């Protein structure tokens with residue numbers, strides 16, 4: 001689960017991280033009062049969407065010369081003007097795709113005198129099985145280019161979970177970020193704080209870009225991007241309350257109600273599969289034959305007929321879907337249950353696009369019998385290669 005920048009900063013501030021004062025607003029009418037709560041005279045007006053690259057983004061409605069989704073304001077009046085121009089418009093960034101995201105929230109924040117911009121993130125480094133700090137002196141909007149062009153400037157410091165962030169870890173992070181003086185002293189408290197928040201709140205990722213050294217030599221968290229492990233949210237009612245469903249795909253929201261692993265993609269072939277590895281292989285073979293998957297949908301190993309039917313309805317609700325491929329290997333999941341779910345869903349919502357089904361494994365013959373006797377326009381496939389070729393041919 002993702003949250004907004006202002007929410008991430010509230011979480012980190014609760015652990016003692018240094019963040020600027022700021023006020024979140026949802027209406028331009030609130031901008032003046034929000035700015036008056038801040039010291040000024042410099043304000044930063046930030047679009048709050050679940051996507052990176054906001055500073056370099058462009059608003060669809062404002063033309064190519066418009067300013068981006070993060071703007072400086074040198075007066076309260078200018079902050080209000082920015083708010084009026086940004087709210088309700090569609091921000092397109094490198095991470096939103098061409099469709100962009102409508103800006104429904106802004107964060108007006110106290111400005112900072114920046115001496116240096118750094119990069120700091122925490123994630124689970126699966127190569128060592130530990131949480132790791134990933135840091136660089138090259139912070140700011142172009143960190144992806146840094147990773148591509150000069151990977152030697154990015155440093156990874158793994159943290160032993162039994163010891164936590166040690167003095168040696170802090171020294172290594174400070175050295176990698178070239179921190180000295182007050183900034184290095186701040187690092188001694190900040191880096192353990194970030195690790196504690198990451199672990200205690202079951203975060204998937206915590207990214208601070210930039211982490212800044214101010215002109216006075218102190219550290220400040222200038223931006224924060226946080227995502228949480230959805231499987232651990234039952235432990236964190238406070239985090240669950242931060243969910244903003246307006247930032248999520250409606251199909252993904254519906255899928256979460258059925259405990260389906262569903263991610264909307266940009267292609268035109270809907271996929272329903274059991275098992276993440278099989279789902280990846282299915283998407284790969286669709287691409288191999290020249291088409292693109294419209295979604296990642298894993299119904300899991302023990303899905304019920306009702307859960308399968310729900311997954312099918314979600315896939316068919318996507319207007320981009322021109323064909324559907326169901327690829328099931330029955331182990332714990334029985335092929336007849338899949339077949340019953342597909343038939344029930346098709347009878348309820350109808351079938352307006354080609355449907356190819358490949359079944360293999362437990363109760364496969366019974367599953368095929370259910371499909372064959374359904375009277376529905378379902379194309380059977382012998383194996384995955386055959387299934388991929390048939391669905392691609394059906395929508396060509």
Quiz item: Taking the Cα atoms only, what angle lies between the long axis of helix 305-316 and the longest principal axis of the chain, rounded to 10 degrees?
Solution: 70
Quiz item: Build a GNM of the chain with springs between Cα atoms under 10 Å: which of 183, 163, 34 gets the top mean-square fluctuation?
Solution: 163
Exercise. Give the angle, between 0 and 90 degrees and rounded to the nearest 10, that separates the Cα long axis of helix 76-86 from the longest principal axis of the Cα atoms of the chain.
Key: 10
Quiz item: Ranked by Cβ crowding within 10 angstrom, fewest neighbours first, how are 49, 285 ordered?
Solution: 285, 49
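Kindly put 143, 108, 286 in sequence by how many other C-beta atoms sit within 10 Å of each C-beta, fewest to most. Walk me through the intermediate numbers first.
On the way: 143 21, 108 29, 286 24.
The most exposed by this proxy come first: 143, 286, 108.
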Quiz prompt | Among 327, 104, 216, residue whose mean-square fluctuation peaks in a GNM of the chain (springs only between Cα atoms under 10 Å) | solution = 216
Exercise. Give me the angle, in degrees from 0 to 90, between the Cα long axis of helix 181-200 and the longest principal axis of the Cα atoms of the chain, rounded to the nearest 10.
Key: 30
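Please work out the FRET efficiency for the pair residue 10 and residue 152, using the Cβ-Cβ distance as r and a Förster radius of 30 Å; give the result to the nearest 0.05. Write out the running numbers ahead of the final one.
Numbers: r = 35 Å, r/R0 = 1.17.
Approximately 0.30, to the nearest 0.05.
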Quiz item: Under a GNM of the chain (C-alpha, springs under 10 Å), which listed residue has the highest mean-square fluctuation: 155, 236, 50?
Solution: 236
Quiz prompt | Helical contribution to [θ] at 222 nm, DSSP H n ≥ 4, -39,500 (n - 2.57), averaged over the chain, rounded to 500 | solution = -10500 deg cm²/dmol
Quiz prompt | Centroid-to-centroid separation of region 1-45 and region 73-111 [C-alpha atoms, Å] | solution = 13
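Each reported figure results from applying straightforward, stated rules to the coordinates on display, with no laboratory input. Treat the numbers as computed from the prediction; the structure is a model and nothing was measured. Backbone-built Cβ (ideal geometry, glycine too); neighbour counts: all protein chains shown.
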